[in-house]
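Student: Quick one: this structure, given as structure tokens, is what I'll be asking you about.
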Amino acid sequence: MVTPAQAPTLDLVTRFPEGVVADEREGYEGYLVAADKLVEVATALRDEFGFDYLSSVSGVDYIAEEMLEVVYHAYKTIGGPGLVFKVQVARKKAEVPSLMDVYPGVDFQEREAWDLMGINFLGHPDLRRILLWEGFEGHPLRKDWKEAYYEADVKPFKSRWPEGNFFRSEEKATYQANVQYPDKFDPEKWVPEGEDALYGALAKYEDVDNTGLKTDHITINLGPQHPSTHGVFRIATILDGETIVSLKPVMGYLHRNHEKIGERNTYLQNMPFTDRLDYLSSMSNNFGYALAVEKLMNIEVPERAEYIRVIMAEMTRVQNHLFAIGMFLNDIGAFFTPSLYAIEERELVLDIFEIVSGSRMMCNYFRFGGLARDLPAGSLEMIKGLAFERLPRRVDEMDRFLSDNEILRSRCVGQGVLSAEDAIKYAAAGPMLRASGVPYDIRRADPYSIYDRFDFDVAVRYNGDIYDRYIIRMDEIRQSLRIIQQAVEQIPEGPIQTGKPQYQVRVPAGEAYGRVEGPKGELGFYVVSDGKPNPYRYHVRAPSFINLTAFGPMCTGLKIADVVAVLGSIDIVLGETDR
Amino acid sequence: MENKDLNSPGYEIPDDIKGSVSITSIDRIYNWGRRSSIWPLMFGLACCAIEMICTAASRYDFSRFGMEVMRPSPRQADMMLVSGTVTKKMAPTIVRLYNQMPEPKYVVAMGACASGGGPFKEGYSVVSGVDKLIPVDVYIPGCPPTPQALINGLIKLQELIDTQSIKKVRWYQKGELAAVPIPILGPDLIYQRDIPAISDAKKEA
């Protein structure tokens, strides 16, 4: 077993005596960096300290202190713990230099922070709204922004509990009551802003070929209603003939205000909402959120619960990858037949989820310090049957039928290549990063839960093309099955919950970042607590969202028909992309 | 003719052709044809779309009810299965898709979000149910509805089609059918029916 590389003693304050101080607030960690030093510090972190992977950018609105904070989580792709650095700016003049030149993977995350939090990233080449539409009024994640159905700052609402006089929110807040229309707005003369900003962001519009003939490039839109976009996702491209000159993903068609609702909910109320992030792998989402809050509460999880967690998280990975492979082959043109085989196996895993949690998809199974309930009688035998007998054979069968297929190979091998450097640069995560030859798996690089006890290989492929991103999912299913096999053999008897199960947990003030290796990549939850029953800030580092940063560069120069294959190989889920 | 009389229309069929002739009403044979070949729009919005795919797959297999021909183009679809949360950014597109579907057309709201906003209703960019935008024929509860629930909802739609009459359905009446007005993305989603009210409120303020 390879142990993660130890972080060398790091003293950012000595390196930058001016502009960097340690964050000494109670419960906080990391460094506070002055805004004008940010680019310099980030460059040093990347080049001198080896933090080459900037995983997450979160904005926090500290309204009482009149400031906005941007929190950066950086890691090393050789493994080890991460580093947190923060920039604080005044709320009225929220301007932070963009890190696009140092870490291009922040592209979408900075746009998101601008859209939802109103933080202006100076020097960002394309700072447009990303989840909402151009023309939307306000930045909704600011604490003083109120939505149309606003009732109170925190749940449970007085009207529902304990009195229980519930009503429909339409009746209380008529539709327009809380909408903040700008002063000059006149609904009869309003012209929607349309797509000019989007099309303007696409590169190069006119061309003259070598005979002097002037040719216009064509703009093509794919989606949001398209069978190959895996949901409501839109792609805007400029084509030269059939070749893609420039491509921008357009998202937000499933933006469900996960974070705003999450900051109103109590801690436990958020658990079922995390199910609906990446709705194919709800157990992994539960895991990440539970880890973050447990870090804040500083509680341990009983042995048996840890084992069940690992079994469920790996089962989730198996069924997610089965579905991903099936849908990817759909996109390639093997319409629905491979999917039918994959979904047949997935149903068996869903049966297990239904037995243990009561729901096929939205499991809501994890609790802080344990699990909602123990494994019912007989379910462990079912899991054993799947992990030892059925699934290994069926995966081998799928591999045999699909992987050497002539059409699949000729469409995938050598297409849509993402090099290892680019994958790290664009903060790609999970199978996408590992298919590019970077053996970075959080289960091994920064082990959480009990993953350090199992014997498994980090699946790596080295070409970074579509085919490798497809075949690595087969590898990962096999490794997950290995982990499940060990876990069901070793699982002890015992309690599944630390202390008494409770609806309202006490969370001390502070911040925590919990991350797991989800099926799509690094899934992180950044939670800030102010000691109250509700999280003060709740941010999700969604792998589907950040993996799309590399989508545009990967597609440039390919034919239009390959876009669908590249997108299928990234494996996005829109619930997580748009949140 | 009432539904219960359809199998006994009151005409005597001569004995020698009894095996090859049966008498029914136009409504009944027309509805039988339509209810057995409902082509859904291939249109997934959110989590419910995954359960919709599972319903289409081998274990649940809704092709048993003649619904397996999912059409990606609204021009060829009979039924829009709104499977998931309707957001404000998506709302104009959904109305446009609905307007592009040819009559007769049906809408099934699958799951809590499409029926009434669901767990995300309080959010700033979620529409409280697709019936704020377009008329809905069947609502299916659940978050997400299990495949069994979805099939039950689709059978309810078939039952609804059985009760319709060519004489009465709105798409065979005189005159053009008005398209549903497309909501506008302004500072918030603006329904065209609300524009006078918003203008008045602005004038008062």
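Student: List the residues whose amide H sits under 5 Å from the amide H of residue A:240, counting only those 5 or more places along or on another chain, with H placed 1.01 Å from N in the peptide plane.
Tutor: Residues meeting the amide H criterion: A:245.
Student: A further question on this structure: Taking a quarter of the surface of the Cα convex hull of the stretch A:64-152, what do you get in nm²?
Tutor: Numbers: hull surface 30.5 nm².
The Cα convex hull of the stretch A:64-152, projected and averaged over all directions, gives 7.6 nm².
Student: Inside 10 Å of the C-beta atoms of A:352-359, what's the mean count of C-beta atoms belonging to other chains? Each step should come with its number before you reach the end.
Tutor: Numbers: counts 0, 0, 1, 0, 0, 0, 0, 4.
What the average comes to for A:352-359 is 1.
Student: Still on this model: What are the ³J(HN,Hα) values, in whole Hz, obtained from phi via the Karplus relation 6.51 cos²θ - 1.76 cosθ + 1.60 with θ = phi - 60°, for each residue of the stretch B:97-102 in sequence order, with x given for Gly and Pro?
Tutor: Along the stretch B:97-102, the couplings run 4, 5, 5, 7, 6, x Hz.
Student: Tell me, what ³J(HN,Hα) does each residue in the stretch A:574-579 have, in order and in whole Hz, if you take phi through Karplus 6.51 cos²θ - 1.76 cosθ + 1.60 with θ = phi - 60° and put x for Gly and Pro?
Tutor: With the stated coefficients, the stretch A:574-579 comes to 5, x, 8, 4, 9, 6 Hz.
Student: Tell me the mean residue ellipticity at 222 nm calculated for chain B from its helices only (DSSP H runs of n ≥ 4, each -39500 (n - 2.57), averaged over every residue, nearest 500).
Tutor: Values: 6 runs with 62 residues, N = 205.
After summing the helix terms and dividing by the residues of chain B, the value is -9000 deg cm²/dmol.
Student: OK, next. Which order results if A:264, A:579, B:170 are arranged by neighbouring Cβ count within 10 Å, fewest first?
Tutor: Numbers: A:264 23, A:579 27, B:170 10.
Exposure proxy ranking, most exposed first: B:170, A:264, A:579.
Student: Now for a separate question. For the ranges A:567-577, B:18-28, A:388-398, A:61-71, what's the packing order if you count other beta-carbon atoms within 10 Å of each residue, average per peptide, and put the highest first? Don't skip to the answer; put the middle values down first.
Tutor: Working: A:567-577: 26.7, B:18-28: 12.0, A:388-398: 15.5, A:61-71: 17.4.
So the order, starting with the most tightly packed, is A:567-577, A:61-71, A:388-398, B:18-28.
Student: Quick one: which residues, 5+ away or cross-chain, put their amide H under 5 Å from the amide H of residue A:427? H built at 1.01 Å from N.
Tutor: Residues meeting the criterion, in which the H sits 1.01 Å from N, are A:105.
Student: List the residues whose amide H sits under 5 Å from the amide H of residue B:79, counting only those 5 or more places along or on another chain, with H placed 1.01 Å from N in the peptide plane.
Tutor: B:39, B:41, B:106
Student: Regarding chain B, what whole-number volume in Å³ per residue does the convex hull of its Cα atoms give?
Tutor: Given the Cα convex hull of chain B, per-residue volume reads 156 Å³.
Student: Go through B:149, B:86, B:110 and say which Cα lies farthest out towards the positive end of the charge dipole of chain B; charges sit on Cβ, +1 for Lys and Arg, -1 for Asp and Glu.
Tutor: Sorting the options by dipole projection puts first B:86.
Student: What pairs from A:86/A:520; A:559/B:121; A:155/B:105; A:158/A:260; A:520/B:132; A:143/A:295 go past 29 Å between their alpha carbons?
Tutor: On the way: A:86/A:520 27 Å; A:559/B:121 40 Å; A:155/B:105 41 Å; A:158/A:260 19 Å; A:520/B:132 34 Å; A:143/A:295 25 Å.
Pairs exceeding 29 Å: A:559/B:121; A:155/B:105; A:520/B:132.
Student: Mind checking the mean number of beta-carbon atoms from other chains within 10 Å of the Cβ atoms in A:222-232?
Tutor: On the way: counts 0, 1, 6, 13, 3, 7, 1, 1, 2, 7, 13.
So the per-residue partner count for this stretch is 5.
Student: Also, I was wondering about something else. Would you calculate a helix-derived [θ] at 222 nm for chain A, using -39,500 (n - 2.57) for each DSSP H run of n ≥ 4 and dividing by the full residue count, to the nearest 500?
Tutor: On the way: 21 runs with 206 residues, N = 579.
That calculation yields -10500 deg cm²/dmol at 222 nm.
Student: Okay, moving on. Can you give the net charge of the other residues whose Cβ lies under 14 Å from the Cβ of residue A:71, counting K and R as +1 and D and E as -1?
Tutor: Details: positive: A:25, A:86, A:515, A:537, A:541; negative: A:23, A:29, A:61, A:69, A:110, A:112, A:259, A:511.
Net of charged neighbours comes to -3.
Student: Given chain A, what whole percent of its Cα pairs are spread farther than 34 Å?
Tutor: Numbers: 69215 of 167331 pairs.
In whole percent, the long-distance tail amounts to 41.
Student: I need the phi-derived Karplus couplings for the stretch A:299-310: 6.51 cos²θ - 1.76 cosθ + 1.60, θ = phi - 60°, integer Hz, Gly and Pro marked x.
Tutor: Each residue of the stretch A:299-310 in turn: 10, 9, 10, x, 3, 4, 5, 4, 5, 5, 4, 5 Hz.
Student: Around residue B:133, under 12 Å between beta carbons, what's the net of Lys plus Arg minus Asp minus Glu among the other residues?
Tutor: Working: positive: B:88, B:96, B:132, B:193; negative: B:131.
Counting the neighbours of residue B:133, the net charge comes to +3.
No value in this document is a laboratory result; all are computed from the given coordinates. Quantities reported herein were computed from a predicted structural model and do not represent experimental measurements. Ideal geometry is used to build each Cβ from the backbone, glycine not excepted, and the neighbour counts take in all protein chains shown.
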